[in-house]
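Notes follow the structure.
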Amino acid sequence: AWRTQQIYISHAAVSDISGSRHLQAEDVSRAALDLAGVKLDGKNTLVFLKNGSAQIGPESHVLKVNTADFSFALNFRTTKPAVLHGDKGYSLKGATPERASCYYSFSRLEGQGSITIGDSSVPVTGSAWMDHEFSTAPLEPGITGWDWFSLQLSDQTEVMIFLLRKKGGGLHPASSGTFVDPAGRAQHLAQSDFKIAVLDTWKSRKSGARYPARWRMQISPLALDVTIASNLPDQEMRTLGSTGVTYWEGSVSIQGSRNRQPVGGEGYVELTGYAGAFDAPL
């Protein structure tokens, strides 16, 4: 959920990575009658919107969502400190200083809880990535959207990379990323450090947009060479009841090598601007 002029918007989704289905819900409300808002309690921040909430603290995160089609209650603990992307959290997104965001992540959280779909409730455990990025500036003219990768590798390292796609083809020079080592130390990755090639695509029957669905990522300073594949083709988010933006975001699996040793992993990818130019603030 994020706040813009006292309007709160939330998107929630559940995907079965066995390939069967993807469920999503969305809601919007102003901060009136205690229907939505942000509350601070010591070191913890509670962001809530009707039947959904995220309580964020330095050591634990609690997510609760209750929709007509699904619900979940998940408790996470941080296993690494927060990572500041770019220059101490100042992440350049264009050619001028104001084209930037404030950006940090908790790149590895361990959690447990339950997910309910219909009458079926199952206990779950797993890892998560918490991303917080905000900006008041829209994308620089000539940038149609971005491809964003957050990857958790089996050697206890993490990778974040964003690609800013230019209207005429190619990538904007501000495209960059971050590598997080097992101890939680961050290393900045410039665009010249990596290559990402699209190996396959998927076309949405509902929006008509064609999205990348499988990639090869090579990061030379890390000796990393991996293939990334979506776990479920249709993880398209169509938010006609709130922001009106259609984009793809969902879970992916990773296989390859680092330092000539086998490495696997799991991650999350966000793809904007394929169903139309994306011109909203970050």
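The values are calculated or read from the model by the stated rules, or taken from the named source; none is laboratory data. Predicted, not measured: the structure shown is a model, and the values here were computed from it. Positions of Cβ are generated from backbone atoms using ideal geometry, with glycine treated the same way; all protein chains shown enter the neighbour counts. The accessibility values were calculated without ligands, DNA or RNA, using every heavy atom of the protein model including side chains. Shrake-Rupley method; radii C 1.70, N 1.55, O 1.52, S 1.80 Å.
I'd like the accessible area for T67: 1.4 Å probe, protein heavy atoms, all chains in place, Å² to the nearest 10.
Per-residue accessible area (T67): approximately 40 Å².
Give me the accessible area per residue for the chain, probe 1.4 Å, as a whole number in Å².
Working: 14610 Å² over 282 residues.
Per residue, the chain has 52 Å² of solvent-accessible surface.
Just want to confirm a number: the relative contact order over segment 192-254, from Cα pairs under 8 angstrom separated by 6+ residues, in percent.
Details: 112 pairs, mean separation 15.9, N = 63.
Reported relative contact order: 25 percent.
Kindly report, to the nearest 10 Å², the accessible surface of K50 as traced by a 1.4 Å probe over protein heavy atoms only.
For K50, the solvent-accessible surface is approximately 100 Å².
Tell me which residues come under 5 Å, amide H to amide H, from V245 once H is placed; ignore anything under 5 positions away on its chain.
T239
Once you charge only the Cβ atoms, +1 for Lys and Arg and -1 for Asp and Glu, what is the size of the charge dipole of segment 133-282 about its Cα centre, to the nearest 20 debye? Could the numbers behind the result be given before it?
On the way: 14 positive and 15 negative charges, 105 e Å.
Here the size comes out at about 500 debye.
Working with all protein chains in place, sort I115, I161 by solvent-accessible area computed with a 1.4 Å probe, largest first.
Result of the area sort, largest leading: I115, I161.
Give the relative contact order (percent, whole number) for segment 162-282; include only Cα pairs under 8 Å separated by 6+ residues. If you can, show how the numbers build up before the last one.
Working: 222 pairs, mean separation 18.5, N = 121.
About 15 percent, as a whole number.
What ranking of R216, R205, R21, R185 comes out by heavy-atom accessible area, probe 1.4 Å, highest first?
Details: R216 95, R205 235, R21 120, R185 155 Å².
Listed by decreasing accessible area, they come as R205, R185, R21, R216.
Starting with the highest mean, order 221-230, 254-263 by the number of other Cβ atoms within 10 Å, averaged over the residues of each peptide. Don't skip to the answer; put the middle values down first.
On the way: 221-230: 17.8, 254-263: 13.5.
The most tightly packed comes first, giving 221-230, 254-263.
Using the Cα centre of the chain as origin and beta-carbon charges of +1 (Lys, Arg) and -1 (Asp, Glu), tell me which of P182, L63, L139 is placed farthest towards the positive end of the dipole.
Result: L139.
Which shape class applies to segment 36-194: rounded if a/c is under 1.5, otherwise prolate when a/b exceeds b/c and oblate if not, where a ≥ b ≥ c are the square roots of the Cα gyration tensor eigenvalues?
On the way: a/c = 1.84, a/b = 1.60, b/c = 1.15.
Since a/c reaches 1.5 and a/b is larger than b/c, the shape of segment 36-194 is classed as prolate.
Enter the accessible area of V198 (Å², nearest 10), with the probe set to 1.4 Å and all protein chains included.
Here the residue's solvent-accessible area equals roughly 80 Å².
Rounded if a/c is under 1.5, else prolate if a/b is larger than b/c, else oblate: which is segment 125-282, with a ≥ b ≥ c the root eigenvalues of its Cα gyration tensor? Intermediate values should be presented prior to the final figure.
Details: a/c = 1.66, a/b = 1.43, b/c = 1.16.
Note, shape of segment 125-282 comes out prolate.
Alpha carbon centre of segment 58-97 versus segment 206-275: separation in Å?
About 18 Å separates the Cα centre of segment 58-97 from the one of segment 206-275.
With a 1.4 Å probe and all protein chains kept in place, how do F134, F76 rank by accessible area, largest first?
Working: F134 100, F76 30 Å².
Sorted descending by solvent-accessible area, the residues read F134, F76.
Report, in debye and to the nearest 20, how large the dipole of segment 225-282 comes out about its Cα centre when Lys and Arg carry +1 and Asp and Glu carry -1 on their Cβ.
Numbers: 3 positive and 7 negative charges, 43 e Å.
The dipole magnitude comes to about 200 debye.
Determine the shape class of the chain: with a ≥ b ≥ c the square roots of the Cα gyration tensor eigenvalues, call it rounded for a/c under 1.5, and otherwise prolate if a/b is greater than b/c, oblate otherwise.
On the way: a/c = 1.29, a/b = 1.22, b/c = 1.06.
It comes out rounded by the Cα gyration axes.
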